[in-house]
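Everything below concerns the one structure shown next.
All of the numbers you see were taken from the coordinates with simple rules; none came from a lab. Values in this document were obtained by computation on a predicted structure and should not be read as measured data. Positions of Cβ are backbone-derived with ideal geometry, glycine not excepted, and every protein chain shown enters the neighbour counts.
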Amino acid sequence: MKYCVMLHNNFEDIEATSFIDLLRRVNVELDVFGIGGKKITSRSKITYLVEHEFLSGQDISVPDYAGILIPGGPGVYALTGNQPLLDMIKKFYDAGKLVFAICAAPLLLDKAGILEGKSYTCYPGTEIESGNYISDDVVVDGTVITSQGVGTALKAALKLVEIIVSKEEAGKQGKAVLF
């Protein structure tokens, strides 16, 4: 089964490339979407050409994916009113699929209405209104996985490998990247 990656303008490079790289190393199929177009510029002013664009809810078929993965960065705040994106996140959650968000991206989970009654973590100071904040590097609550930011990106990526593939594979990858 493949996973849907949502890149947005002003995303945090290290967060996205950490999980994309480690998941692809273990042959997890990822479709990378650019919110608003196929050319996405990161926080570091690097322009990425992505495989697919997300303009509306018609652009992604939730049954085709096992989960959705969203990096953080300052661009998250511009997405809090993107109703098609928020609806898509909710559809993934309601379907029992994996929902991953790091840094400020858990704010989108909050706006989508899926953090109520959930434990989560995020970049300190992100103003999330629901759920139970825990200051751990990575928090797993059912199918919702959250992490704090750039400094926790590799740990979060290895947690994704553990959940999607196996604990053994996560251990191998951790050793391979000197984590």
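Restricting attention to the stretch 145-165, the residues that are touching a Ser or Thr at 6+ places or on another chain (Cβ under 8 Å), in a helix (DSSP H, G or I) and either crowded, with 23+ Cβ neighbours inside 10 Å or at positive phi (or both) total 3. Name, by its number, the condition in (1) over 27 Å from ALA176 (Cα atoms); (2) hydroxyl-bearing (Ser, Thr, Tyr); (3) within 13 Å of the chain's Cα centre (by Cα) that does not hold for SER18. The single condition SER18 does not satisfy is (1). Pairs linking a residue in the stretch 91-109 that is more than 20 Å from VAL161 (Cβ to Cβ) to a residue that is assigned to a loop (DSSP other than H, G, I, E, B) and of a type in the set (Phe, Trp, Tyr), with Cβ atoms under 8 Å and 6 or more positions apart or on different chains, are ALA104/TYR123.
Conditions (1) loosely packed, with under 15 Cβ neighbours inside 10 Å; (2) of a type in the set (Lys, Arg); (3) under 16 Å from the mean Cα position of the chain (by Cα), marked per residue:
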residue: VAL50; (1), (2), (3): no, no, yes
residue: LEU55; (1), (2), (3): yes, no, no
residue: ILE68; (1), (2), (3): no, no, yes
residue: MET88; (1), (2), (3): no, no, yes
residue: GLY96; (1), (2), (3): yes, no, yes
residue: TYR123; (1), (2), (3): no, no, yes
residue: VAL138; (1), (2), (3): no, no, yes
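If the condition is being in contact with a Lys or Arg (Cβ under 7 Å, 6 or more places away or on another chain), at negative phi and assigned to a loop (DSSP other than H, G, I, E, B), then the stretch 1-35 contributes PHE11, GLU12, GLU29.
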